[in-house]
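Working notes, structure below.
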Amino acid sequence: TNPVQSGDEVTYTVYYLANGSAPALDTNICDLIPTGTTYVLGSLQRRQANDQPTSVGDYFTPLAPLPANNSCPIQTNPNGAAIVQLGTVSNGAGSNFGFIQFRVRVD
């Protein structure tokens, strides 16, 4: 009931699941920082299965060149991007899921 206001922090969570007949190889996740927000430095983390969340990945400032072979849908990186290299994600039950998470501040 309370709308988001300038200065508020919002947490974004991207879930993943390897649910197939083989592990997901060379997996990376990119989430572009939404327009009208600013990434909160040091907030990018990953949780694999039931492990504790750990700081991971890279934040790229707006317009910074992105690494080759990334999964970002917009390569010009207009407002910044969070990229996490997951490597191989097992397809075995109990270890085939997780999430990445980061915070932004509303401009």
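If the condition is being assigned to a strand (DSSP E or B) and surrounded by fewer than 16 Cβ atoms within 10 Å (Cβ to Cβ), then the range 55-73 contributes Ser55, Asp58. Going through (1) open to solvent by 40 Å² or more (accessible area, probe 1.4 Å); (2) at pLDDT below 95; (3) in a strand (DSSP E or B); (4) of a type outside the set (Gly, Ala, Ser) one by one, Gln52 falls short only on (3).
Of everything in the range 97-107, what is touching an Asp or Glu at 6+ places or on another chain (Cβ under 6 Å) and either open to solvent by 40 Å² or more (accessible area, probe 1.4 Å) or outside any strand (DSSP E or B) (or both)? Give them in sequence order. Before you say what the answer is, go through the steps one by one.
First, pick out the residues of the range 97-107 that are touching an Asp or Glu at 6+ places or on another chain (Cβ under 6 Å): 103, 105-106.
The answer is Arg103, Arg105.
So which residues in the range 5-44 are part of a loop (DSSP other than H, G, I, E, B) and surrounded by 13 or more Cβ atoms within 10 Å (Cβ to Cβ)? Give the derivation first.
Start the filter on the range 5-44 by keeping residues that are part of a loop (DSSP other than H, G, I, E, B), which leaves 5-8, 18-23, 33-36, 40-44.
Within the range 5-44, Ala18, Pro23, Ile33, Pro34, Val40, Ser43, Leu44 meet the criteria.
Is it the case that the range 76-96 has a residue that's surrounded by 14 or more Cβ atoms within 10 Å (Cβ to Cβ), touching a Gly at 6+ places or on another chain (Cβ under 7 Å), in a loop (DSSP other than H, G, I, E, B) and touching a residue at least 12 places away in the same chain (Cβ under 8 Å)? Checked against the condition, which is being surrounded by 14 or more Cβ atoms within 10 Å (Cβ to Cβ), touching a Gly at 6+ places or on another chain (Cβ under 7 Å), in a loop (DSSP other than H, G, I, E, B) and touching a residue at least 12 places away in the same chain (Cβ under 8 Å), the range 76-96 yields at least one hit. The residues of the range 67-104 that are touching a Ser or Thr at 6+ places or on another chain (Cβ under 9 Å), more than 14 Å from Leu44 (Cβ to Cβ) and not small (Gly, Ala, Ser), listed by number, are Asn77, Pro78, Asn79, Thr88, Val89, Asn91, Asn96.
The values are calculated or read from the model by the stated rules, or taken from the named source; none is laboratory data. As the structure is a prediction and not an experimental result, all values here were calculated from the model. Ideal geometry is used to build each Cβ from the backbone, glycine not excepted, and the neighbour counts take in all protein chains shown. Accessible surface is based on the protein model in full, side chains and every heavy atom, while ligands, DNA and RNA are left aside. Shrake-Rupley method; radii C 1.70, N 1.55, O 1.52, S 1.80 Å.
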